[in-house]
Amino acid sequence: MKAIVPMLLLLLAGCSALQAPPVQNVHHYLLDAQVPAGTAAMKRNLVIEIGMPRARPGFDTPQMAYVQQPFELEYFALNRWADTPVHMLAPLLAQALGQTGAFRAVLRPPSAVPADLRLDTELVRLQQDFRSKPSKVEFTLRAQLVDLRHDRVLATRVFDETENAPSENPYGGVIAANRALRRILESVSAFCVHEAEIP
């Protein structure tokens with residue numbers, strides 16, 4: 001009987017050592033910026049399609065990127081985007097362009113309606129930079145407006161926004177990213193309205 005007690009204690013100690021570590025919750029965040037309706041632009045009898053945005057290497061992922069030194073991307077372990085940024089960006093671009101009132105229709109593929117123009121975008125950079133205080137979010141988007149009727153590029157532009165984070169953590173980066181995104185959506189919309197001239 002005396003030998004059984006130490007064995008039971010050893011078994012109990014072994015069971016407690018095999019217990020799973022406590023689960024840490026992963027936080028998911030949205031890219032979501034609303035562009036206020038401005039002065040209605042002159043309506044053109046044009047249909048514009050929003051091409052599916054692409055992303056540069058390192059940014060085509062739901063992982064949230066940050067930098068602490070040049071040329072090295074790191075990702076937060078417990079904080080992620082709810083989807084890849086480019087998937088969240090497409091409907092926001094369509095909504096922003098629709099609010100300009102400058103186009104007969106704004107489409108997202110696949111669509112059976114033929115389009116006159118297509119907006120192609122590429123996410124060049126979306127990262128929180130901790131090399132300075134306060135940290136800042138760097139958001140860069142490349143946009144190209146294509147005339148589908150004449151198979152030519154009308155214009156290309158790079159939109160680059162930097163926004164200070166209100167706090168030195170991932171959530172501060174999310175707030176800064178959405179503030180920068182709002183300005184980018186406004187600028188891309190103005191760019192498309194200005195360049196959408198088909199002879």
(request) With respect to A77, determine if the residue is modelled with pLDDT under 90, among the aliphatic types (A, V, I, L, M) and within 26 Å of Y171 (Cα to Cα). (result) no
(message) Exactly one of these conditions fails for A143: (1) touching a residue at least 40 places away in the same chain (Cβ under 8 Å); (2) in contact with a Ser or Thr (Cβ under 9 Å, 6 or more places away or on another chain); (3) under 20 Å from E72 (Cα atoms). Give me its number.
(response) (3)
(message) Criterion first (modelled with pLDDT of 95 or more, surrounded by 13 or more Cβ atoms within 10 Å (Cβ to Cβ) and at negative phi) does L145 satisfy it?
(response) yes
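Restricting the search to segment 38-58, which residues are modelled with pLDDT under 85, surrounded by 10 or more Cβ atoms within 10 Å (Cβ to Cβ) and part of a loop (DSSP other than H, G, I, E, B)? Give the derivation first.
Let us first name the residues in segment 38-58 that are modelled with pLDDT under 85, namely 38-44.
With the extra rule that they be surrounded by 10 or more Cβ atoms within 10 Å (Cβ to Cβ), the set shrinks to 38, 40-41, 43-44.
Result: G38, A40, A41, K43.
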(message) For the list (1) surrounded by 17 or more Cβ atoms within 10 Å (Cβ to Cβ); (2) over 11 Å from the mean Cα position of the chain (by Cα); (3) modelled with pLDDT of 95 or more, I need the number of the one condition that R131 fails.
(response) (1)
(request) Output the residue which, of all residues in segment 67-108 that are part of a strand (DSSP E or B) and of a type in the set (V, I, T), is nearest to V47 (Cα to Cα). (result) V106
(request) For segment 133-192, enumerate the residues that are under 19 Å from A90 (Cβ atoms), assigned to a helix (DSSP H, G or I), small (G, A, S) and in contact with a strand residue (DSSP E or B) (Cβ under 9 Å, 6 or more places away or on another chain). (result) A177, A180, S187
(message) Quick check on my filter: what residues within segment 108-121 are out of contact with any Cys (no Cβ under 7 Å at 6 or more places or on another chain), within 25 Å of R56 (Cβ to Cβ) and buried (at least 17 other Cβ atoms within 10 Å of the Cβ)?
(response) L117, R118, D120, T121
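The values are calculated or read from the model by the stated rules, or taken from the named source; none is laboratory data. Just so you know, these numbers come straight off a predicted model, no measurement behind them. Note that we place each Cβ from the backbone using ideal geometry, even for glycine, and neighbour counts take in every protein chain shown.
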